[in-house]
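In what follows, a structure is listed as C-alpha cells, so that the remarks can point back to it.
None of the figures in this text is laboratory data; all of them are computed from the coordinates on show. What you see is a predicted model, and the numbers here were worked out from it, not measured in a lab. All Cβ positions, glycine included, derive from the backbone under ideal geometry; neighbour counts span all protein chains shown.
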Amino acid sequence: MAILSETDVNEECLVGEWVKLAELKEDSGKPKEALSLYHKAVRAEPDNLEIRCKYALCCAMCGRAEKAIDLLCEILDNNSEYMLALESLGKVMAYLGYQCGSKGWFTLYESGFLYRTIQSLESDAPVIVELGSCFGLSSMIIAKALKNKPNAKIYCVDAWEGDGSSVFGDTREFIQGQAQEGLKFIDIFKGNMERAGVLHQLTPTQGYTTEVVKTWQEQADIVFVDADHSYEGVRADVKNWKDFVKVGGLLLMHDVELLEAGSKKDSGPGLVVQEFLGDDSNYAPGILVDTLYAAERIK
Ligand SMILES: C[S@@+](CC[C@H](N)C(=O)[O-])C[C@H]1O[C@@H](n2cnc3c(N)ncnc32)[C@H](O)[C@@H]1O
C-alpha cells in the first residue's frame, strides 16, 4: 500500500478544490479564471488525464482551440483508448463548428475519431474526397486535421441544391428561408468555412455524386460517404467510388447502423456495408465508432 506524506495529502486535497472552483468559474462564465486554476492542477498532477482534458476544454473556451486540440492529441498519442480525450476532442470540434455556423450530425466520438483518422494519414499530400458536405462540419474537421499539410487536397462534393431539395426536414426549411434572403446553400457552406479559417484548404465541387464520378480521375487516401442516405443512394456512392480509394486508404461512411453491432436496425448505409464490404471484398472488416464506419482497402 502506498503511504502518502502529509504534503501529498494536502496537495491532493488542494487539486480537488482547484478543479471544483474552476468548474464553478466556468459555469459562471469566467473561463479565463478557470483556466489558471486548471493549469495549477495540471502542474500538480501531470498524470491526471481527466484534469488535463478539462484544462484542454477550458483552453478552447478561452479562444485557444489549437492548443486544446494539441493537448488532447498528446493525451491520445500516449493513451489511444482514453475515450474522455476523444470525446473532449469532439467537443472542441463541435464548439468550432458552432462558432462558424456549421451545424452537423456527428456525435462527439465521431468528430474526435474523424479528426484522429485524418491526422494519422502518413502521406504529406493526402487526397480526401468528401461526398456530402452540407454546412461543413466534417469538412472543417478534416481541414483542421490537415492544417500542417499544405499540399493536401480536400474535395467537398455536394449538390447544395439552392431550393433545399437535396436535404430534408428542418434543413430544407432553413435553406429555403435563406434562399428567400438571397443566400445560396453553397455560399452558406463557403461562409462557414471562411469563418472557420479553412476555406483555402478546400475544393468545393458542386454536383450530384453520381454525376461528378463520371469524370473523376484521382485516387484518394480517403473517400468519405455522407451524401444521399437512402439505401439506393449510399449503394450507388459506394459502388461508384470505392475503387477510387488507394490500396492502404480508407473508405469512411456515416450513419452505419448494424443489428449485429447492437443497433435497433440495419440502416441503409449499414445494409450497404454488409453488401459491399464483406469478407470477399477488397476491404478489410471495418471499425465502427458510434455510426462512423472506417474500412481499409487491402487490395
Ligand atoms: C448529412 S449531410 C452531410 C453532412 C456533413 N458531412 C457533415 O458531417 O457536416 C448530406 C449532404 O449531402 C448532400 N447530398 C444529398 N444527396 C446528394 C447527392 N446525390 N449528391 C451530392 N450531394 C448530395 C446534401 O445536399 C447534404 O448537404
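Restricting things to alpha carbons, find the Rg to Rh ratio for region 102-208 using the Kirkwood radius for Rh.
0.99
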### Task
Check cross-link reach from LYS184 to the lysines: straight Cα distance under 23 Å, and skip same-chain residues fewer than eight apart.
LYS103
### Query
When the chain is modelled as a GNM with alpha-carbon springs shorter than 10 Å, which of CYS134, CYS62, CYS73 fluctuates the most?
CYS62
### Summary
CD proxy, 222 nm, the chain: helix-only mean residue ellipticity via -39,500 (n - 2.57) per DSSP H run with n ≥ 4, per residue, nearest 500, stands at -15500 deg cm²/dmol
### Query
Which residues does a label at ARG195 reach in region 102-137, if reach means a backbone N under 13 Å from a point 7 Å past the Cα toward the Cβ?
102-104, 135-137
### Query
For the Cα atoms of the chain, what angle does the longest principal axis make with the long axis of helix 83-100, in degrees from 0 to 90, nearest 10?
70
### Task
Give the relative contact order (percent, whole number) for the chain; include only Cα pairs under 8 Å separated by 6+ residues.
11
### Query
Where both partners of a DSSP beta bridge lie in the chain, what percent of those bridges are antiparallel, to the nearest 5?
30
### Message
With only alpha-carbon pairs counted, each pair once and no self-pairs, how large is the Kirkwood hydrodynamic radius of the chain in angstroms?
### Response
20.7
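Dividing the Cα radius of gyration by the Kirkwood radius, what Rg/Rh value follows for region 201-299?
When Rh is taken as the Kirkwood radius, the ratio is 0.96.
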### Message
Let's test the formula: R0 of 30 Å, r as the Cβ-Cβ distance of LYS246 and TRP105. What FRET efficiency results, to the nearest 0.05?
### Response
0.65
### Query
Hey, in the GNM for the chain with a 10 angstrom Cα cutoff, which one of ASP266, ASP243, ASP77 fluctuates hardest?
ASP77
### Task
Compute the normalised compactness of region 6-81: alpha-carbon radius of gyration over 2.2 N^0.38 Å, N being the residue count.
1.10
## Note on the structure
Taking Cα atoms, the helix 169-180 axis meets the longest principal axis of the chain at an angle in degrees (rounded to 10) of 80
### Query
In a GNM of the chain with a 10 Å cut-off on Cα contacts, which of THR215, THR203, THR117 has the highest mean-square fluctuation?
THR215
#### Entry: Cross-link table LYS20/LYS54; LYS54/LYS153; LYS190/LYS246, entries beyond 22 Å C-alpha to C-alpha
LYS54/LYS153; LYS190/LYS246
### Query
In region 85-121, which residues have a backbone nitrogen under 18 Å from the label point lying 7 Å from ASP170's Cα in the Cα-to-Cβ direction?
94-108
